[in-house]
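These notes concern the structure reproduced below.
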Amino acid sequence: MSKLRLGIVGCGDIAGFTALVSKLVPPLQLAACCDVDAERAQTFAKRHGIRQVFTDYSQLLANATLDAFYIAVPHHLHYEMIVAAVGAAKPALVEKPLTRTLEEGIRLVEEVKQYGVKIGVNYQYRYDCGCYAMARAVQQEALGHIHSVRINVPWHRGEAYFDGAAWHKTIAQAGGGTLITQGSHFLDVALWALGEKPVSAIGYTATPGFDVEVDTLAHGVIKTSSDTLINITSTMAAASEQAVTIEMYGEKGTAVYNDRPTPHVRFIGTRVHKEGPPVWGVHALQRSLAGFARWVLNDWPFLTPVASALPVLAAVDGIYRSAQSGKREMIIRC
């Protein structure tokens, strides 16, 4: 199999961007798309040269000629669609978060383990040049033991973000707001770099700027299994979008990540050989898609297999539970 025939499920904004970027990944061929909105599905198919068009995911599974799926639908639909893909023995790449809740995520990972189907989660910042170099330096202990991590995600989303996709507004469908949708990208990078499990969380959430159920501002502190403290601030209510930063403070040195003007990391107090991501690409999403394709086609390791997305889901869950209870919450299983 020289080409990976990919079906796209959900024809919204992120799927459109992914479809464009996929043209930079030679092994990928967009073979089908599916959306409950027939007009949107047809428009998407025409724009991206896709021949097979569906409005029902079960019909796509049954009738499309595909090797794998890319799932970009509201969070509450992730679980059932991934279970269906596993039942059909079809690999899938799902947009983050893995699932709407930690309970769903744990059940899903067990099911994937039982059937051995390749399911990946698009935490694409693991393939970001700066994040990858930082993570590898931490994993190789170039900074010594990391005792403190600070993450700041000062992003902006206008009313159109919620008006264009109303599911973003509700806990029942989205599971949360800025923390699970945007901040989790960088919390995932930190936990992956450390290779540690979150054990407890303290959190606060608020909704400045919007009349919605979900958080548009979240602050949290995570304690890991080796007593590292991760402090995260994530917002979609910044007056203007600014750079994402991650600071990792170790016994031997410090790493400072910044995504502007292009993603990069600098090391302070120690000399580090910066490693590049394991696949080539001009953008992290391109590398993530290429990594998924070669995982399915050639069984090369993928940086974000399904089980690896549980720690960040558990950390997010802990922060949200703490914000509700007003107490420190223990994270029991991830």
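What follows is calculated from the coordinates using simple rules that are stated; it is not laboratory data. Keep in mind it's a predicted model, so treat the numbers as computed, not measured. Because the Cβ atoms are built from the backbone with ideal geometry, glycine has one as well, and the counts that use them run over all protein chains shown.
Where does helix 78-87 land angle-wise versus the long Cα axis of the chain, in degrees 0 to 90, nearest 10?
Roughly 60 degrees, rounded to the nearest 10.
Let me check against my output: what whole-number percent is the relative contact order of the chain, with C-alpha pairs under 8 Å and at least 6 apart? Numbers along the way, then the final one.
Details: 736 pairs, mean separation 66.8, N = 334.
RCO, the chain: 20 percent.
So, by mean Cβ neighbours within 10 angstrom, what's the order for 253-263, 12-22 with the highest one leading? Numbers along the way, then the final one.
Values: 253-263: 16.7, 12-22: 18.3.
With the highest mean Cβ count within 10 Å placed first, the list reads 12-22, 253-263.
Given 25 °C and 0.890 mPa s, compute D for region 4-124 with the Stokes-Einstein relation, Rh being the Kirkwood radius over Cα pairs; round to the nearest whole µm²/s. Present the calculation step by step, with values, prior to reporting the outcome.
Values: Rh = 14.3 Å.
In µm²/s, the coefficient is 172.
For T65 and F17 in the same chain, what is the full-extension length gain: residue separation times 0.36 nm, less their Cα-Cα distance, in nm? Display every interim value, and only then the final one.
Details: separation 48, 0.36 × 48 = 17.28 nm, distance 2.27 nm.
Gain on extension, T65 to F17, equals 15.0 nm.
Distance in nm between label sites at R5 and M330, each 7 Å beyond Cα in the beta-carbon direction?
Distance between label points: 5.1 nm.
Out of the DSSP beta bridges found with both residues in the chain, what percent are antiparallel (nearest 5)?
55 percent
Shape verdict for region 104-247, please, from the Cα gyration tensor: rounded (a/c under 1.5), prolate (a/b greater than b/c) or oblate. Could the numbers behind the result be given before it?
On the way: a/c = 1.78, a/b = 1.27, b/c = 1.41.
Since a/c reaches 1.5 but b/c is at least a/b, the shape of region 104-247 is classed as oblate.
To the nearest 10 degrees, how steeply does helix 13-22 sit against the main Cα axis of the chain, on a 0 to 90 scale?
The two axes meet at around 80 degrees.
Using the Cβ atoms and a cut-off under 12 Å, what net charge is assigned to the surroundings of E247, where Lys and Arg are +1 and Asp and Glu are -1? Walk me through the numbers on the way to the answer.
Numbers: positive: R150, R266; negative: none.
Net charge around E247: +2.
Residues with beta-carbon under 12 Å from that of G12, excluding G12: net charge, scoring Lys, Arg +1 and Asp, Glu -1?
Values: positive: R40; negative: D13, D35, D37, E95.
Summing Lys/Arg as +1 and Asp/Glu as -1 gives -3.
When semi-axes √(5λ) of the Cα gyration tensor in Å is calculated directly from the model, which label among (i) 39, 28, 23; (ii) 49, 25, 17; (iii) 31, 23, 19 fits?
(iii)
Convert each backbone phi in region 244-258 into a coupling constant with the Karplus relation 6.51 cos²θ - 1.76 cosθ + 1.60 (shift: θ = phi - 60°), then list the ³J(HN,Hα) values in order as whole Hz, x for Gly and Pro.
Listing the rounded values in order: 7, 10, 10, 10, 10, 9, x, 5, 9, x, 10, 10, 10, 9, 8 Hz.
Taking 35 Å as R0, compute the FRET efficiency from the Cβ-Cβ separation of Y204 and E80 and round it to 0.05.
Values: r = 32 Å, r/R0 = 0.91.
For Y204 and E80, the calculated efficiency is 0.65.
Nearest 0.05, what FRET efficiency do R51 and H283 give at R0 = 25 Å with Cβ-Cβ as r? It would help to have the intermediate numbers written out before the result.
Numbers: r = 26 Å, r/R0 = 1.05.
It comes out at approximately 0.40.
Sort out for me the Cα centre separation of region 195-218 from region 1-56, rounded to whole Å.
Each part reduced to its Cα centre gives a spacing of 33 Å.
In whole Hz, what ³J(HN,Hα) sequence does region 43-51 give by Karplus (6.51, -1.76, 1.60; θ = phi - 60°), x for Gly and Pro?
Karplus-based 3J(HN,Hα) across region 43-51 equals 4, 4, 4, 5, 5, 10, x, 9, 8 Hz.
Would you mind calculating the relative contact order of region 4-124 from Cα pairs under 8 angstrom and at least 6 residues apart, reporting the percent as a whole number? Walk me through the numbers before you get to the answer.
Working: 209 pairs, mean separation 28.0, N = 121.
RCO, region 4-124: 23 percent.
Quick one: order V306, V25, V121, V312 by neighbouring beta-carbon count within 10 Å, fewest to most.
Details: V306 25, V25 22, V121 32, V312 29.
Lowest count first: V25, V306, V312, V121.
Can you put R136, R266 in order, fewest other beta carbons within 10 Å first?
Values: R136 17, R266 14.
Fewest-to-most ranking of R136, R266: R266, R136.
Most exposed first by the Cβ proxy, i.e. fewest other Cβ within 10 Å, how do F267, F186 rank?
On the way: F267 21, F186 26.
Result, fewest neighbours first: F267, F186.
If the label point is 7 Å along Cα→Cβ of K252, which residues in region 110-149 have backbone nitrogen under 20 Å from it?
What the label zone holds, given the 20 Å backbone N cut-off, is 131-149.
Can you compute the FRET efficiency between T270 and S225 using 1/(1 + (r/R0)^6), with r the Cβ-Cβ distance and R0 = 30 Å? Round to the nearest 0.05.
Numbers: r = 24 Å, r/R0 = 0.80.
For R0 = 30 Å, the calculated efficiency reads 0.80.
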